[in-house]
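Enquirer: Questions regarding the structure given below will be posed in turn.
The values are calculated or read from the model by the stated rules, or taken from the named source; none is laboratory data. Remember, predicted model here, so these are calculated numbers, not experimental data. All Cβ positions, even for glycine, are placed from backbone atoms using ideal geometry, and neighbour counts span all protein chains on display.
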Amino acid sequence: MRAFLASILLALCLTHSAYAADQVRSSGPAADVAAINSVVEQFKAAIIAHDGKTLGSLFLQDHDSWLSVADEKAWEKVKARHPKARKVVPSSWKKFAEFVQTESKPIEERFYNVRIDTNGAVASVWFDFDFIEDGKVVNRGSESWQMVRAEDGWKISSMLFSMGD
């Protein structure tokens, strides 16, 4: 009987752990976490819909801090092909919104292990991602957003993401 109960307890713990891994982890006021999660969902939907205008509206309009960083494995490959390449590459949400708007192939960004932390004025969103183009993963890594609660709601003020396999 004791072994049976231990098995049930173990199964419940494993089920809970698997379920919790798919959930958004957060800290801060519940209404703000929900509003920030709404921005996350709008971001993903805009990419799938090739809606660069909506995507662009999620960012602070007068600020553009966007960096990509190659992970070690990707960096080795890039350096082998392009010795003068930079490991940290500045870019722009405006360029990304234009890419989303004009890309003819299906695109999507899938988010995993999303974490949202906020105090109601500023927020940090961190997640692992797969970027998919025409059904194939073309980039995967981790991404971090810094967000601010502006006059018209939560906006992404800066973004960092890793580039890897």
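Enquirer: Working only within segment 50-84, note down all residues that are among the hydrophobic types (A, V, I, L, M, F, W, C) and surrounded by 13 or more Cβ atoms within 10 Å (Cβ to Cβ).
Expert: Result: 55, 58, 59, 60, 66, 67, 69, 70, 74, 75, 78.
Enquirer: On the given criteria, is residue 96 in contact with a Leu (Cβ under 8 Å, 6 or more places away or on another chain) and either exposed (fewer than 15 other Cβ atoms within 10 Å of the Cβ) or of a type outside the set (D, E, K, R) (or both)?
Expert: yes
Enquirer: Is it the case that some residue within segment 75-90 is of a type in the set (Asp, Glu) and under 17 Å from residue 161 (Cα atoms)?
Expert: no
Enquirer: List the pairs whose first member sits in segment 58-82 and is in a loop (DSSP other than H, G, I, E, B), whose second member is modelled with pLDDT under 90 and not polar (S, T, N, Q), and whose Cβ atoms are under 7 Å apart, counting only residues at least 6 apart or on separate chains?
Expert: 71/163; 71/164
Enquirer: Next question. Being closer than 24 Å to residue 64 by Cβ and in contact with a His (Cβ under 6 Å, 6 or more places away or on another chain) is the requirement here; does residue 162 meet it?
Expert: When the stated conditions are applied, residue 162 does not pass them.
Enquirer: Same structure again: Let me spell it out: the conditions are (1) closer than 28 Å to residue 33 by Cβ; (2) in contact with a Phe, Trp or Tyr (Cβ under 9 Å, 6 or more places away or on another chain); (3) assigned to a loop (DSSP other than H, G, I, E, B), and residue 85 meets all of them except one. Which number is the exception?
Expert: Evaluating residue 85 over (1) closer than 28 Å to residue 33 by Cβ; (2) in contact with a Phe, Trp or Tyr (Cβ under 9 Å, 6 or more places away or on another chain); (3) assigned to a loop (DSSP other than H, G, I, E, B) leaves (1) as the failure.
Enquirer: So, residue 114, is that one within 15 Å of the chain's Cα centre (by Cα) and within 23 Å of residue 24 (Cα to Cα) or not? Working first, answer last.
Expert: Details: within 15 Å of the chain's Cα centre (by Cα): yes; within 23 Å of residue 24 (Cα to Cα): yes.
When the stated conditions are applied, residue 114 passes them.
Enquirer: OK, next. Restricting segment 100-123 to residues that are out of contact with any strand residue (DSSP E or B) (no Cβ under 6 Å at 6 or more places or on another chain) and closer than 16 Å to residue 156 by Cβ, which is surrounded by the most Cβ atoms within 10 Å (Cβ to Cβ)?
Expert: Restricting to residues being out of contact with any strand residue (DSSP E or B) (no Cβ under 6 Å at 6 or more places or on another chain) and closer than 16 Å to residue 156 by Cβ, the top hit is 100.
Enquirer: Moving on. Which ones in segment 40-57 are in contact (Cβ under 8 Å) with a residue 40 or more places away in the chain and either within 18 Å of residue 123 (Cα to Cα) or part of a strand (DSSP E or B) (or both)?
Expert: Filtering segment 40-57 down to residues in contact (Cβ under 8 Å) with a residue 40 or more places away in the chain leaves 40, 43-44, 46-48, 50-53, 55-56.
If the condition is that a residue be in contact (Cβ under 8 Å) with a residue 40 or more places away in the chain and either within 18 Å of residue 123 (Cα to Cα) or part of a strand (DSSP E or B) (or both), then 40, 43 are the ones that fit.
Enquirer: Hey, can you tell me all the residues within segment 39-60 that are touching a strand residue (DSSP E or B) at 6+ places or on another chain (Cβ under 8 Å) and on the phi < 0 side of the Ramachandran plot? Don't jump to the end; show me each part of the working.
Expert: Start the filter on segment 39-60 by keeping residues that are touching a strand residue (DSSP E or B) at 6+ places or on another chain (Cβ under 8 Å), which leaves 39-40, 43-44, 47-48, 50, 58-60.
Once the filter is applied, which keeps residues that are touching a strand residue (DSSP E or B) at 6+ places or on another chain (Cβ under 8 Å) and on the phi < 0 side of the Ramachandran plot, segment 39-60 yields 39, 40, 43, 44, 47, 48, 58, 59, 60.
Enquirer: What residue, of 154, 126, is part of a strand (DSSP E or B), in contact (Cβ under 8 Å) with a residue 12 or more places away in the chain and either among the polar types (S, T, N, Q) or under 21 Å from residue 61 (Cβ atoms) (or both)?
Expert: None of the other options fit; the residue is 154.
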